[in-house]
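Novice: Could you have a look at this structure, given as structure tokens, before my questions?
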Amino acid sequence: KAGVTQTPRYLIKTRGQQVTLSCSPISGHRSVSWYQQTPGQGLQFLFEYFSETQRNKGNFPGRFSGRQFSNSRSEMNVSTLELGDSALYLCASSLEPSSIEQFFGPGTRLTVL
Amino acid sequence: AQSVTQLGSHVSVSEGALVLLRCNYSSSVPPYLFWYVQYPNQGLQLLLKYTSAATLVKGINGFEAEFKKSETSFHLTKPSAHMSDAAEYFCAVSEGNAGNMLTFGGGTRLMVKP
């Protein structure tokens, strides 16, 4: 069974632009969560989606948004990029929110210049 | 609110020596606890998890962790370090009613000397 896939793996953008990252969960998994990893702030929860609905949201500004499609694939969008948005963005999937165990993808490395 | 503290951002051990990575948590409800490992340029891999069953949890690659409620700790150990264990390790907590929202510790980079 294929693991969680994230595209693209690497991305370079400039300040003020917007970016969309994609995550395909493991087949059969319906819950997708997103995390931001930076050297300064560590790993921080962004949001969780299940059945196309956002269940939880972390403490991030409204520039960060996401959605989930009917096939459980998820995208996250960051608008008006700032230098501080440079990070590794990780996606994790699980069967459902109560599954406890999540499986992480390799991440998308975003660099904002 | 839940939180996780990992004591020691860097730990260095010799190959064959005991590995001990410390994790303390705070949670208002009985928590689920996890240890993840991250190799360079990769995502997170689950080593083991505590879900209120046995307090001593065995994971992959010879790692284990013991849940101690009185100490609010969940330290990770491995009897004998191997060079391939060099990586960054993260302790995380979730509260059952919060779905899959994980709160992570700051991470501990494990270095293994030959």
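Novice: Contact list please: Cβ distance under 8 Å, first residue in the stretch B:36-50 and within 13 Å of A:A92 (Cβ to Cβ), second residue among the small types (G, A, S) and surrounded by 15 or more Cβ atoms within 10 Å (Cβ to Cβ), pairs at least six apart or on different chains.
Specialist: As it stands, the answer is B:Y36/B:A92; B:Q38/B:A87; B:Q38/B:G107; B:G43/A:G105; B:G43/A:G107; B:L44/A:A92; B:L46/B:G59, since those pairs meet every condition given.
Novice: Moving on to the next point. Just one of (1) more than 10 Å from every other protein chain (Cβ to nearest Cβ); (2) buried (at least 16 other Cβ atoms within 10 Å of the Cβ) trips up A:T14, so point out which.
Specialist: (2) is the only condition that A:T14 fails.
Novice: I'm trying to understand the selection: among the residues of the stretch B:43-55, which are surrounded by 12 or more Cβ atoms within 10 Å (Cβ to Cβ) and hydrophobic (A, V, I, L, M, F, W, C)?
Specialist: B:L44, B:L46, B:L47, B:L48
Novice: Another question about this same structure. Every residue in the stretch A:70-92 that is in contact with a Lys or Arg (Cβ under 9 Å, 6 or more places away or on another chain) and facing another protein chain (nearest Cβ under 9 Å), please.
Specialist: A:L88
Novice: Next question, about the same structure. Can you list the strands (runs of 3 or more DSSP E) lying wholly within the stretch B:13-102 that have 1 or more residues being within 12 Å of chain A (Cβ to nearest Cβ) and under 24 Å from A:Y35 (Cα atoms)?
Specialist: Per the criteria, B:31-38, B:44-50, B:87-95.
None of the figures in this text is laboratory data; all of them are computed from the coordinates on show. As the structure is a computational prediction, the values presented were derived from the model and not from experiment. Cβ sites come from the backbone with ideal geometry, for glycine too, and all protein chains shown count toward neighbours.
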